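Here's the structure we're looking at; comments come further down.
The values are calculated or read from the model by the stated rules, or taken from the named source; none is laboratory data. What you see is a predicted model, and the numbers here were worked out from it, not measured in a lab. Neighbour counts run over all protein chains shown; Cβ positions are idealised from the backbone, glycine included. Keep in mind that these areas ignore ligands, DNA and RNA; they rest on the heavy atoms of the full protein, side chains included. Shrake-Rupley method; radii C 1.70, N 1.55, O 1.52, S 1.80 Å.
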Amino acid sequence: VLVQFALLGLLLIGESGDLWPTPGPVRALALALVIVGCVVMAGAGWQIRRALTASPLPNERTTLMDRGWFGPVRHPIYTGLLTTGAGLALSRASVLALACLVGLGVLLQVKARFEETVLAARFPGYAAYQARTGRLLPRWPSPRRTGRRADHRANRNCG
């Protein structure tokens with residue numbers, strides 16, 4: 001958790017670089033990413049407010065949450081952190097900012113995987129939730145997940 005906050009702090013107060021130009025539209029996009037990321041974090045945090053903890057270990061008030069902010073992704077707070085980090089990195093345009101963003105992404109992936117092993121052991125329905133929901137990004141329907149029935153019905157309706 002401390003590393004996570006250190007990386008975000010570096011993104012927030014680190015020096016700006018010149019890897020790419022940051023005219024008004026780029027700054028506006030960066031600000032939009034930061035705002036969206038903060039809204040996602042705040043919304044998901046509010047949804048699980050009593051169970052919210054900085055640790056990836058769930059507390060005694062944790063329940064399996066698969067609706068609201070947790071419907072499209074299993075870790076919306078991490079998604080919000082990455083979105084905010086992406087906005088900050090975009091506005092900084094530096095090697096340090098990109099390194100911090102990559103580091104944050106790796107750290108949150110590791111943290112999410114660990115958290116998922118604990119949640120899967122605690123909640124019998126977690127495996128089904130994992131199968132239908134993306135970790136940090138929503139899953140797009142694919143032929144593998146929708147099954148052959150949809151393909152069969154589509155073929156039957158052709159000609």
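Please give the residues of segment 49-63, grouped as numeric ranges, whose backbone N is less than 15 Å from a label point set 7 Å along the Cα-to-Cβ vector of Thr117.
56-58
When ligands, DNA and RNA are left out and all protein chains stay put, how many square angstrom of accessible area per residue does the chain have with a 1.4 Å probe?
For the chain, the per-residue accessible area is 63 Å².
Just add up the charged neighbours of Ser91: K/R +1, D/E -1, any other residue whose Cβ is under 13 Å from the Cβ of Ser91.
So the surrounding residues net to 0.
Note down the nm distance, to one decimal, between modelled labels 7 Å out along Cα→Cβ at Trp140 and at Gln109.
For the pair Trp140/Gln109, the computed spacing is 1.9 nm.
May I ask which residue of Ala51, Leu104, Leu12 lies farthest towards the positive end of the charge dipole of the chain, with charges of +1 (Lys, Arg) and -1 (Asp, Glu) on Cβ and the Cα centre as origin?
Among Ala51, Leu104, Leu12, the one farthest towards the positive end of the dipole of the chain is Ala51.
Can you pull out the trypsin sites (Lys or Arg not before Pro) in segment 59-148 whose DSSP state is coil and whose Cβ has at most 14 other Cβ atoms within 10 Å?
Arg61, Arg67, Arg139
Evaluate the charge dipole of the chain about its Cα centre and quote only its size in Debye, nearest 20, assuming +1 on the Cβ of each Lys and Arg and -1 on the Cβ of each Asp and Glu.
Its charge dipole is roughly 920 debye.
Would you work out what percent of the accessible area of the chain, with all protein chains in place, is carbon or sulfur (probe 1.4 Å)?
Reported share for carbon and sulfur atoms: 66 percent.
What label, among [x] 10, 33, 28, 18, 9, 2, 0; [y] 9, 31, 36, 17, 6, 1, 0; [z] 10, 41, 39, 10, 0, belongs to P(r) over Cα pairs in 10 Å bins from 0, in percent computed from the structure on display?
Read-out from the structure maps to [x].
Identify the chymotrypsin sites (Phe, Trp or Tyr not before Pro) of segment 56-128 meeting these criteria: DSSP loop state and at most 11 other C-beta atoms within 10 Å of the C-beta.
none
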